Structures are given as C-alpha cells and as structure tokens.
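The values are calculated or read from the model by the stated rules, or taken from the named source; none is laboratory data. This one's a predicted model, so the numbers in the text were calculated from it and none came from an experiment. All Cβ positions, glycine included, derive from the backbone under ideal geometry; neighbour counts span all protein chains shown.
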Amino acid sequence: MHDLVIKGARVIDGLGNPEQQVSVAVRDGRIVEIGEITESAAETVDADGRVLCPGVIDTHTHYDAQLTWDSTASPSPSLGVTSVVIGNCGFGIAPCPPHLRETVASNLSVVEGMDLNALVTGIDWGFESFPEYMDFLRTKGVYPNTAVLAGHSVTRTAVMGKEGSERAEPTDSEMAAMKNAVKEALDAGAIGFASSFSPNHMGWKGVPMPSTIASDDEVRALAGLMKGRGHGVFQIASGSRGTVEVMESIAKASGGPAFMTTALTMYNEALPGRAHEILDACAAARGRGNKVYAQVTCQPFSMDFTPANPYPFYSHDAFADIKAAPPEVLTKAYADPSFRDKFRANLAAPKPGGIFYGDWNKVEITLPAEERNMGLLGQTVAQIAKAKGGDPVDAFCDLALDENLETTVVGRFLNAADDGVASILKHESGLVSLSDAGAHLIFMCDAGFATYFLGHWVRDLGTFDLVEGIRRLTSHPAALYGIKDRGRVAVGAYADLLMFDPATVGMSGPTRVNDLPGGGTRTVRAPTGIDAVWVNGAKVFDGAGYVAFAKGPGHVLDSFNASASA
C-alpha cells in the first residue's frame, strides 16, 4: 500500500519536461510510482487540475537562529519552499563558545536586521561546535530540509573573539584554528563555506563583520579546504571588492562553484548595463573552467526602515562612524550641516556596491510618527523637498529630527523596472535566489520569491513558461548546489511537493506580526493559490496553516552530489 497518492494533477517534473496528466504515489518519503496508479493508499488527494511540482529550493536564507525556536522556518514552507540553505554570508551561530554568545547574537541583530531581544530570548544554545549544531537541528526537527553553510564571520569570532572584527590578520595559530573549525564543519556535512566582503555588513555598534576585514588570501585558504572533497559550494556577499576575477580565483581554489550575492547584479536604472557586464564575466569564467554564478532576485528590492536604523544608507561614507549608532548619536549627526553636506557629496558620486544611489523619488513615507504629519503619508522625500523648495537630504534629516527618528519609510531601490530585470533573470549566469528569508525582519519579507516568480514572471508577463519557471526554482538550484534527489518529480526522488493554482498563485502584501520570542515584531507574507506543501511525503502546509508534528519531517542535509553546470 502507498502512503499517499495524488491524482488529477497537472504534473510538472521540474526537469523541463512537458507537463503530464498523471498520478503520483509516495511511500516512505519518496516517489515510487508516476502514471496510472491502481494500488491503494493510506491517503488519496484529488488535485482537481491543480499543478503538482517539486517544492522550491531556497538557496539564500538566514534561519540559523530561528530554527532553534521555530521548527517550521515560517513563513517559507507556506510559500512553497521545501528545502533551505542557511548560514549565507557567513553569519551563522555555530561554532560559538558560550562566552561569545552575546557577541554573535548582537552582531547578527544588526547585520541581518533582527530583533536583539528575540535572539537573546529565543536562541536555544544547545550546542557549541558546528557538528553539535547539526545534531541539535536533527534532534529538534525541522519542517523544510535544511543544508548549512560553514560561516566565515562566525568562525572568525569563535577563534579570535571580538578581535575578529578589529584585526585583519590572524596569527598563525588563529588561522590554523579557523581551518580546523571549517574542516570540522565540512566533515560534519556542511554544504559549503560562506563569507562577506559587503561594506553594508556591520555588526553591533557599527563594528565591521569579521569577514569583511579579512584578506582575499584568508578567504581562498578557507574555501580551498573544499578542494578534493567532490562537493562544496562557496557563497559570498561580494560587494564591490568581490569582483568576478576574485570570485574566479576562489572557485579555482575550492574546486567548486562560487556564488556572488550583490546589489550590483540587480537592475539599476542609473547603470542599466552593469548587471549584464558582471553576468557575462561570470560566463567567461566558466568558459575557463571556473564555476562562477550570481544569485539574482526576481523581486523589486525594497526596504522599510526608519531614520533610527537607516540600513540602506550604510555604504555611504557619511555613515561610516554612525552605523548602528544609538539615537542620540544619529540625532546629533542629522542636525549637523557638515554631515548633510558629506551625505549629499556621497550621493552625487556613489560607490559601487551600495543600495541607495540618491534617487529620493524612490523613498516614500509609509507611516509618519506624528499625527500632525499624516499629510505626508504616501509622499516621497523628493516631493516633500520640492514642496519646501529645499534639498531632499535636508528634508529627510529635518523630518527625522521632527519625529524623533521614528518616521517609517520604504525605499524602492533596485530591480524596479521589469524590462531590465527580465534579461537578468534569463541570463545563464543567474540563479534565482536571494530571498534573505529569516533576516531583515524589521524591514521586509522576501520569503515568497517563488510565488512572486510564478505569479508575476510566469503568469502575468509570460517571461517564462510554467515548465521553465518551475525548473528555475527547483532542479536548477538543486543541480548547482549538489542537492541529491530533490527538485524533481521522478521515481526515487524525495517527495518534496508543491500543489498550486497557477491562476491565483502569489502572495499577500507585507504585514507585521508580534510573534517573535519576547514579543518581537517581524514582517511576513501569506501565500495565495497554494493548496498544499509536502516535505518527504508529509504534508507540512495545508493551504490554511502549518500541520502540527511532534518533530518536523524535514531532513538536515549532510551529503551532496558534485554540482552540475547550468
């Protein structure tokens, strides 16, 4: 007897093959039969013409901390995701000696826009080493299958303490200890190694995240520990420093694929050809035998923020000494004419790798803090400045001071023009990813990237047909990351499945909920058009909510294939 049979579905296998009208049978967590199924089943689901496809693989998430208190990794499984990769950018939580837990949590709260009280209250530190963290997740259980990257910054902190953010060169013994920690992680089943060069990545009180001050040689040495293992991906928030040339050298050292994560590959109307230049350079590197790719986002890149936490401005030199500063320091800066002049000068000649390039028409007031300013709701900073006959920097700073830094704004910065984004998504060097799910909870929720892709780029615009759109979200990332037997509807594959209505699939707008440990607030989105999600044959989302399990059915992944070329 089968455990589950799904009949009456439009089955799209994720591999690029034409859809079929067939039934799918599942036993012991794997797909065992596809076609006309006569054998009985413990459960039969009538799909009623819905699409049945592989579950989405999200290669760029930050659920490292959340999974210690929330096995569901909410909201990703409700949005069609059945496998996640955590530890991106090198910002994990293992290894972590007990005396450094506060340092790791504090830095994480700033660099990934997380509620510090939620981290302090919620993280269950039932581990110290990376192998212990993997065992902890297995024991606790997870809903989505979870692969973990060994992290550069967390490893540097574990070995060097707070000096990891202060001293660029480790001692020989410190470097040896970092190598041992990364080897230990890889031996324990890490999917690869992650780092960051991004100038936006700052920790508690504005200290640099440790990897951002490390040398290229240090990164190559640590990534090179994957050489000869037959598998191992490298991911980095590359910023402007992590050029394709540098990425190629790291890919050569590691022997595996290297994935760039950078705003430079998002469509920027001010520099419309820049993303393609980078993607073309990645293709040229692969032509030389070095697998370099870019993670690209399919969504407009927008962020909610306040003057008290102006993360999108951090790449500008005017903010160099006040990143993550307390309110009194920011208030003094916003009132200082020299700060304003320096910020204006930065915006007139922005450095590559930043988020905000000075177009104040894309910064909109979404919630004034004072009732007397409600007339500003929906206005851009550029409109406010024009009405006052002044400069946008002055308008922003004046409003910040008037409302005690509590004004909520949204910046719609990059990837805002469909025509420009479409060609990026189609490029052979791009991997549709970059949800940042689990991070920046104060500002945004892009965990529904796949539902947006299926609704906007497949259904509404027709940029991709349904077969190719599903392939790009499933077997394509699985092949590049070496994730075994997932991302496909095929006999022998794990039964990670998504059933949805292509006419209505999508997601809600962002909403705020107070469900983090300690009552912290986060931004979430809800799915539309998703009927069910299965992980290893177990239904985890039924279209309305999560299905309760004593222990989540997801696997902690620790064995991988060699990555395939796109």
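Of all the residues in the stretch 392-437, those that are more than 27 Å from residue 111 (Cβ to Cβ) and either of a type outside the set (A, V, I, L, M) or in contact with a Pro (Cβ under 6 Å, 6 or more places away or on another chain) (or both) number 11. Checked against the criterion of being in contact (Cβ under 8 Å) with a residue 60 or more places away in the chain, in a helix (DSSP H, G or I) and not assigned by TED's automatic domain parsing to the domain that holds residue 209, the stretch 310-323 contains one or more residues that satisfy it.
Considering the conditions (1) surrounded by 15 or more Cβ atoms within 10 Å (Cβ to Cβ); (2) in a loop (DSSP other than H, G, I, E, B), residue 351 is excluded by exactly one of them, (1). For residues that are crowded, with 17+ Cβ neighbours inside 10 Å and of a type in the set (Val, Ile, Thr), scanning just the stretch 148-207, find the one that is nearest to residue 221 (Cα to Cα). Among them, the one singled out is 182.
Going by the conditions given, is residue 509 assigned to a loop (DSSP other than H, G, I, E, B), of a type outside the set (Val, Ile, Thr) and out of contact with any Leu (no Cβ under 8 Å at 6 or more places or on another chain)?
Numbers: assigned to a loop (DSSP other than H, G, I, E, B): yes; of a type outside the set (Val, Ile, Thr): yes; out of contact with any Leu (no Cβ under 8 Å at 6 or more places or on another chain): yes.
The answer is yes for residue 509.
Restricting to strands (runs of 3 or more DSSP E) lying wholly in the stretch 32-98: which have 3 or more residues that are out of contact with any Gly (no Cβ under 8 Å at 6 or more places or on another chain) and more than 30 Å from residue 211 (Cα to Cα)?
On the way: elements: 41-46, 51-54, 56-58, 81-86.
The strands (runs of 3 or more DSSP E) meeting that bar are 41-46.
Just give me the residues in the stretch 354-374 being in contact with a strand residue (DSSP E or B) (Cβ under 7 Å, 6 or more places away or on another chain), outside any helix (DSSP H, G or I), surrounded by fewer than 19 Cβ atoms within 10 Å (Cβ to Cβ) and of a type outside the set (Ser, Thr, Tyr), in sequence order. Write out each step before concluding.
Residues of the stretch 354-374 in contact with a strand residue (DSSP E or B) (Cβ under 7 Å, 6 or more places away or on another chain): 355-356, 360-367.
Next, from what is left, pick out any that are outside any helix (DSSP H, G or I): 355-356, 363-367.
Cutting the leftovers down to surrounded by fewer than 19 Cβ atoms within 10 Å (Cβ to Cβ) gives us 366-367.
Within the stretch 354-374, just 367 meets the criteria.
Regarding residue 186, is this residue under 22 Å from residue 235 (Cα atoms), assigned by TED's automatic domain parsing to the domain that holds residue 88, touching a helix residue (DSSP H, G or I) at 6+ places or on another chain (Cβ under 7 Å) and touching a residue at least 60 places away in the same chain (Cβ under 8 Å)? Criteria not met by residue 186. In the set 349, 284, 318, only one residue is at pLDDT below 95 and out of contact with any Pro (no Cβ under 6 Å at 6 or more places or on another chain); that residue is 349. Of all residues in the stretch 111-118, none satisfies being under 22 Å from residue 238 (Cβ atoms), modelled with pLDDT of 95 or more, in the same structural domain as residue 448 (by TED's automatic domain parsing) and buried (at least 20 other Cβ atoms within 10 Å of the Cβ).
Can you name the strands (runs of 3 or more DSSP E) wholly within the stretch 187-279 that have at least 1 residues being polar (S, T, N, Q) and touching a Ser or Thr at 6+ places or on another chain (Cβ under 6 Å)?
192-196
Summed over the stretch 447-476, the residues that are closer than 24 Å to residue 302 by Cα and either among the aliphatic types (A, V, I, L, M) or outside any loop (DSSP other than H, G, I, E, B) (or both) give a count of 17. Given the criteria modelled with pLDDT under 95 and assigned by TED's automatic domain parsing to the domain that holds residue 250, does residue 160 qualify? So residue 160 does not fit the description; no.
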